[in-house]
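Mind having a look at this structure? Questions to follow.
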Amino acid sequence: MRFTAYCSPAAVRVAVKPAADRFLEPHRVFVSSFCGNSRRSLVPARNLYVRRKPHQHKSLFSGLRMAAIDYRQLEKNIEEVEVNIRNRNATADARRVVELYKQFCSMTFQAGELRKQRNDNASLMKTAGKMSADERSVAIAEGKRIKAEIAELETALAKVEEEMEFEGAKVPNATHPDVPIGEESNATVLQMSGTRRDFEKDGFEPRNHVELGETLDLFDFDAAARVSGAKFYFLRNAAALLEIALVNWALSECVKRGFTPMTAPDLAREAVVSGCGFNPRGEGSQVYTLQDSDLCLVGTAEIPLGGYYADEILEKSELPVRMAAVSHCFRQEAGGAGAATRGLYRVHQFTKVEMFVICTPEQSDAIHEELRQAEQDMFDALGLHYKVLDMPTHDLGSPAYRKYDIEAWMPGRGEYGEISSASNCTDYQARRLNIRYRHKLKDNRYVHTLNGTGCAVPRMIVAILENFQNADGSVTVPEVLRPYMGGLSVISAPASNGQMHE
């Protein structure tokens, strides 16, 4: 009896529709603002707005808006924020946000004054039996006027708050002072590690991973295209074992560093996706959404891990919390056609081990360096040649305060390719997800969140196949992975009986 090992795509054509294929509501961030003694919160579903009851707490999942940015600090540091927006090539209009915030505060104060008048009028009406007919008529008319004004003002206030939230969502995180400004080409090379293999000295021309995969029967892109569409794949034989080995090895390495190993859902609510700083809907979204549902396929385990502690207050002694999760990752954008994106390098679905840390603000810079070092230690153990980059402002997205990318040399492609990143998002995600810690009694503060790639499987397979190929077309398995592959040391073409050679 013969079995062939496979790793198959989890998505099929009929299961998910890209957001661009249908009408979708615009993305809106969860925001709560407080002015004077009056509070108002909005429920996002179907644009229904409700006033929060006094006993209700701020909650991401109740639909109550969360403070994604500090509007008072934004107003205080408006010029600095505008410079940051320009440096990050963002589309936010900070002055418009401040203008809307002032308008919101003024209207909120007016609404409070009207409610006070309504209460005074209600108290007056309790003595209606002692009033003359004319006095009662005046009091009743006044009550109706106040009620109508409150209704009109609250409608206008809801519109102002919605626009304030929408514009405020465009404001990116602050930026570390050492981050280079500009496009990706401006990235600073912080370190080069390992030695680039000299194939000329070895006496043969390196092949790319697609060619190697065809010879060694490792991939089936055609069958995956029939099942799921372009940019999906089946892994076969040693490639399937290599994926499982990489996941197990990477998780084991994370556990050695104090991370809690986890598996994570491949689906997350839109509130969690947007809370992590990703746009689940609308133009330019890279997120797959499920039709007639608020669920999205996650693009990284960072999303479910970020939502894991949403709406919670952690004890300071619990921090930092280190989690490492394996999940499938789904992304719409697959790049243009051409040799650089062929095969496994840019796909719609892949498996990834992700590291995620929740900590205090004082801890986050040091933990960012720890994440970077953990990634480097793993790539050193595999024997890869790579460079570490401090990514410039245009490449940070909205959440990251600072981001390190690691690019490995891929000889078959003839260039470096990104294999991991590590980002410090400070309190950007925590504010949206409402994750806080108890700094001291009656002083709860937002945590900082960080994330780093433990192992993005397809690109790691690309790097391994292309760097450790042999003249006869076989591939030497890195020593650290062999115990996770049943002792397999060399990947060769399967024999006629389907068995894989050692």
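By a straight-distance test (C-alpha under 21 Å), which lysines pair with LYS231 as possible cross-link partners, with residues fewer than eight away in the same chain excluded?
Straight-line reach from LYS231, under 21 Å: LYS17, LYS352.
Something else about it: Calculate the dipole size of the stretch 393-502 relative to its Cα centre from +1 charges on Lys and Arg beta carbons and -1 charges on Asp and Glu beta carbons; express the result in debye to the nearest 20.
1140 debye
Could the peptides 265-275, 218-228 be put in order, highest first, of the mean number of other beta-carbon atoms found within 10 Å of their residues?
Output ranking for 265-275, 218-228: 265-275, 218-228.
For the stretch 273-331 and the stretch 125-162, what is the separation of their Cα centres, given in Å?
45 Å
What lysines sit close enough to LYS440 to cross-link, taking a C-alpha to C-alpha distance under 28 Å and skipping anything fewer than 8 places away on the same chain?
Once the sequence-local lysines are set aside, what remains near LYS440 is LYS53, LYS58, LYS76, LYS316.
Assuming 1.002 mPa s and 20 °C, estimate D for the stretch 319-435 with Stokes-Einstein, Rh taken as the Kirkwood radius over Cα pairs, in µm²/s.
Calculated translational D: 134 µm²/s.
Taking the solvent-accessible surface of protein heavy atoms with a 1.4 Å probe, what is the per residue accessible area of the stretch 419-491 in Å²?
For the stretch 419-491, the solvent-accessible area averages 30 Å² per residue.
From the backbone phi of the stretch 355-365, what are the Karplus-calculated ³J(HN,Hα) couplings (6.51 cos²θ - 1.76 cosθ + 1.60, θ = phi - 60°) in whole Hz, Gly and Pro given as x?
Using θ = phi - 60°, the values come out as 9, 9, 10, 10, 8, 7, x, 5, 8, 5, 4 Hz.
Could you pull out every one of the aspartates and glutamates with an alpha carbon less than 20 Å from that of LYS201, ignoring same-chain neighbours closer than 8 positions?
GLU415, GLU466, ASP472
Compute the length gained on full extension between LYS116 and LYS256: take 0.36 nm times their separation in residues and subtract their Cα-Cα distance, giving the result in nm to one decimal.
44.3 nm
Still on this model: Can you give the extra length, in nm with one decimal, that the chain gains between ASP93 and GLU333 once fully stretched, where that is 0.36 nm per residue apart less the Cα-Cα distance?
83.7 nm is the gain from fully extending ASP93 to GLU333.
Right, here's the next one. Can you give me the P(r) profile for the stretch 276-335? Cα pairs, bins 10 angstrom wide beginning at 0, each as a whole percent.
Result returned by the calculation: 18, 45, 25, 11, 1.
What ranking do 229-239, 317-327 get when scored by the average of other Cβ atoms within 10 Å per residue, highest first?
In descending order of packing, they fall as 229-239, 317-327.
Tell me which residues come under 5 Å, amide H to amide H, from PHE219 once H is placed; ignore anything under 5 positions away on its chain.
Long-range HN contacts for PHE219: ARG236.
Could you rank ILE435, ILE313 by how accessible they are, 1.4 Å probe, largest area first?
ILE313, ILE435
On to the next question. With a 1.4 Å probe and every protein chain left in place, work out the accessible area per residue of the stretch 204-360 in Å², rounded to a whole number.
That works out to 38 Å² for each residue.
How far apart, in nanometres, would the label points at LEU124 and GLU214 be if each is projected 7 angstrom from Cα along the Cα-to-Cβ direction?
About 8.8 nm separates the two model spin labels.
So how much slack lies between GLU82 and LYS201, counting 0.36 nm per residue of separation and subtracting their Cα-Cα distance, in nm?
Fully extending the segment from GLU82 to LYS201 adds 37.5 nm.
Percent relative contact order of the stretch 395-502, based on C-alpha pairs within less than 8 angstrom and at least six residues apart?
18 percent
Just to verify a number: what accessible area does ASP294 come out at with the full protein assembly present, 1.4 Å probe, Å² rounded to tens?
That residue has around 70 Å² of solvent-accessible surface.
To continue, here is another question. R0 = 30 Å: FRET efficiency of ALA225 with GLU418, Cβ-based, nearest 0.05?
0.75
The values are calculated or read from the model by the stated rules, or taken from the named source; none is laboratory data. No experiment lies behind these values; they were computed from the predicted model shown. Heads up, the Cβs are rebuilt from the backbone with ideal geometry, glycines too, and the neighbour counts pull from every protein chain shown. The protein model used for the area step is the full one, side chains on, heavy atoms only, and it has no ligands, DNA or RNA in it. Shrake-Rupley method; radii C 1.70, N 1.55, O 1.52, S 1.80 Å.
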